[in-house]
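Structure record follows, encoded as structure tokens.
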Amino acid sequence: TDAQSVCNNNALTYITYAIGGGATGAAITSGALPNGVTGSFNAGVFTISGTPTVAGKFNYTVTTQGPCTNLSKSGFITVNPSPVVNAINDITYCNGAPGAAISFSSTTPGVTYTWTSTADIGFGLGNTGNIGGFSATNNTDNPVTAIVSVTATGNNCTGAGTTFKVIVNPTPAVNIVS
């Protein structure tokens, strides 16, 4: 279709125009294609393809080339921004300590966050939204490291994720040796 909506850094579906009659070629004659997207003519077909690298709405017009009256068709490509989760610093707690809520943010408004954790240290193994306050839990004799991965979804696009660590140290112990 000549009216596409695609996420930034995702390939668009080819847009093709059959060029026939007395036309000997075609080109973009007004408007512009997003960076990363090109138009080319080959064997009677003008094809727009590529992976857009900038967000925005891009109107374009394809016009035939040749000795007779040249015809034009217009279309547009809407490139939605892929949201990015702002970085979260690693956090360390001691077993039993109150863990502060962890709030995620993005420069793209209106996003939904999804997170997973490699270890349940008091806030579970995954959910949507922010991580609420929790009681840091480690019932072992060694530090437990939870690697938390977070992605943001907005504008029908899921952006690249970010990760951070939450480390919970064990409760100190004193044992009599002899």
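Details
- Subtracting the Cα-Cα distance of F76 and I176 from 0.36 nm times their residue separation leaves 28.4 nm of extension gain.
- Förster radius 45 Å - calculated FRET efficiency between S105 and T47, Cβ distance, rounded to 0.05: 0.70
- Plainly put, region 119-178 has a radius of gyration that is 1.18 times its Kirkwood radius, both from alpha-carbon atoms, as the Rg/Rh ratio.
- Isolated Cys residues of the chain, judged by Cβ distance under 4.7 Å to other cysteines: C68, C94
- Annotation: peptides 59-70, 165-176, ranked by per-residue average of other Cβ atoms within 10 Å with the highest first, follow the order 59-70, 165-176.
- 24 Å tail of the calculated P(r), region 1-106, as % of Cα pairs: 43 percent
- Per-peptide average of other Cβ atoms within 10 Å, ordering 16-28, 46-58 highest first: 46-58, 16-28
- Taking the inverse of the mean 1/r over every pair of distinct Cα atoms in the chain gives a Kirkwood hydrodynamic radius of 20.1 Å.
- Ordering of 87-95, 71-79 by packing is 71-79, 87-95, highest average first (other Cβ atoms within 10 Å, averaged per residue).
- Cα centroid separation - region 22-75 against region 87-135, whole Å: 46 Å
Where a number appears in this text, it was derived from the coordinates with a stated rule and is not lab data. In this text the structure is predicted, and so the values were computed from the model without any measurement. Heads up, the Cβs are rebuilt from the backbone with ideal geometry, glycines too, and the neighbour counts pull from every protein chain shown.
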